[in-house]
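Report on one structure; see the data block that follows.
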Amino acid sequence: MVERYDVLIVGAGQGGAQAAAVLRQQEFAGTVAIVGDEPDAPYERPALSKEYLAGEKPFEKMLLRPPAFWADKKIDLRLGRRVVEVDAGAHRVRLDDGASIEWGKLVWATGGAPRRLVCSGHDLRGVHTVRSRGDVDRLRGELAATSRVVVIGGGYIGLEAAAVLSKLGKHVTVLEALDRVLARVAGEPLSRFFEAEQRAHGVDVRLGTTVACIEERAGAASGVRLASGDVLAADMVIVGIGITPAVEPLILAGATGAEGGVLVDFQGKTSLPHVYAIGDVASHENVHCRGELVRLESIQNANDQAAVVAKTIAGKTDRYEAMPTFWSNQWDLRLQTVGLSRGHDETVVRGSIEQKKFSLVYFREGKPIALDCVNAMKDYVQGKALIASGRTFDPAAVARAELKSLLG
């Protein structure tokens, strides 16, 4: 007999868990289940490259809800299973163990899989990604025998991992193919600041550097050969070059794709009837980016989209118009980002980069559209209001004045 749920959520990450919880908050009385490909109940992922990797936060403290929550709210967890096929017409999915589940509404919240290297040696022992608890547990299991680490990729995951491992006394090298770290998400002043901080803590940051292959010794990674021919000795290699959204079953079922993910409207609806998508996989018109299609990889985005979808399923009226936010921790640095800097035409720096307390403000046609705030909580809070005002401001005044005073 085929099981059936009124709402089936595929993906047990932040978005999937939030969608289920909000459904119950909205007094949705139908049956709900979450299918997740990991064996663990839903947990927070940002800590994986920070406190969990450092051994400072036990896994139990990362659980999004107490273990009893799911049973109390009558939300079935189908863990350690992956959806491999979607039949949108029959309202049915097939799992990797051959079982089928029917649904009334389908919420796709699968996130993404880490992008892998394609060069030889990419699958050697000692080559790691940082995306799941299992990834980090395997990595931590090798740390005692590791002294030299090469991190491939100068994005936030790579830099956060480098910060943790340098604190643990490892010799860390970061390789970035572009001419600066964080080049795809941040302005140059912020990139140069984090490069300098990494180097000040003993991390060897190499820019404009590409990888030819991973060297092998006795079945394990022993070094990274660069395109230049140089070889960096390494006991461990961490690959942080982004994710590939896990949308293939949905695309094969007929969903419209966009920006590497699945196209959704302001209620999270895909082109397939009764099918929604949220989080890392959801490409949407963003009101904070002139209506351009964007796909956001952030906890805020996953949570807010999940709430909109849950309310929509529960019969409420809602739209996804939340202002994007992001954050990162490295050493004593707390970065908080609000807004989207895509398409900016001017930037100004507030505060003091030298004192490690500053904000980079992004403008487009005189309007503030985003801020990257380092150890500057007040700028983050007031900057959000500045962006929300939709007004034009003199960039020089924004660089100097109390932001609250500019709002009048």
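The values are calculated or read from the model by the stated rules, or taken from the named source; none is laboratory data. Keep in mind the model is a prediction, meaning the values are calculated, not measured. Here Cβ is always computed from backbone atoms with ideal geometry, including for glycine, and neighbour counts include all displayed protein chains. Please note that ligands, DNA and RNA were not included when accessible areas were found on the heavy atoms of the full protein model with its side chains. Shrake-Rupley method; radii C 1.70, N 1.55, O 1.52, S 1.80 Å.
Provide, in order from the shortest bin, the percent of all Cα-Cα pairs of region 26-128 in each 5 Å bin, continuing until the bin that contains the maximum pair distance. The distribution over region 26-128 is 2, 9, 15, 17, 18, 17, 11, 7, 3, 1, 0, given as percents.
Note on the chain: with a GNM built from Cα contacts shorter than 10 Å, the maximum mean-square fluctuation among A71, A19, A253 falls on A71.
Let me know the shape class of region 318-408, please: from the alpha-carbon gyration tensor, a ≥ b ≥ c as square roots of the eigenvalues, rounded when a/c is under 1.5, otherwise prolate if a/b is greater than b/c, or oblate. Taking the square roots of the gyration eigenvalues as a ≥ b ≥ c, region 318-408 is oblate. On the principal axes of its alpha-carbon atoms, region 257-381 has extents of 54, 31, 26 Å, going from largest to smallest. For the chain, modelled as a GNM whose springs connect Cα atoms under 10 angstrom apart, the maximal fluctuation among D123, D72, D280 occurs at D72.
In terms of distances greater than 30 angstrom between alpha carbons, the cross-link table entries K170/K356; K61/K367; K61/K167 yield K61/K367. In plain terms, the chain from T317 to D137 could stretch by 60.6 nm, reckoned as 0.36 nm per residue minus the Cα-Cα distance. Ranking M323, M236 from most to least accessible surface, computed with a 1.4 Å probe over the protein chains only, gives M323, M236. Amide H to amide H distances under 5 Å link I243 with R115, where only residues 5 or more positions off or on other chains count and H is placed in the peptide plane. Ordering of 283-293, 299-309 by packing is 299-309, 283-293, highest average first (other Cβ atoms within 10 Å, averaged per residue).
Normalised by the number of residues in region 1-138, the average gap of Cα pairs under 8 Å and 6 or more apart makes the relative contact order 32 percent. Of the trypsin sites (Lys or Arg not before Pro) found in region 363-408, the ones in coil according to DSSP and having at most 16 other Cβ atoms within 10 Å of their Cβ are R391. Fully extending the segment from A90 to A258 would add 58.0 nm, taking 0.36 nm per residue of separation and subtracting the current Cα-Cα distance.
Working out 0.36 nm times the residue gap between K61 and A397, then minus their Cα-Cα distance, what length gain in nm do you get to one decimal?
Here the answer is 116.6 nm.
Send over the semi-axes of the chain's equivalent ellipsoid, whole angstrom and largest first, taken as the square roots of 5 times the C-alpha gyration tensor eigenvalues.
35, 30, 19
3J(HN,Hα) along region 193-207, derived from phi through the Karplus expression 6.51 cos²θ - 1.76 cosθ + 1.60 where θ = phi - 60°, amounts to 4, 5, 4, 5, 5, 4, 5, 5, 9, x, 7, 8, 9, 10, 9 Hz, with x in place of Gly and Pro.
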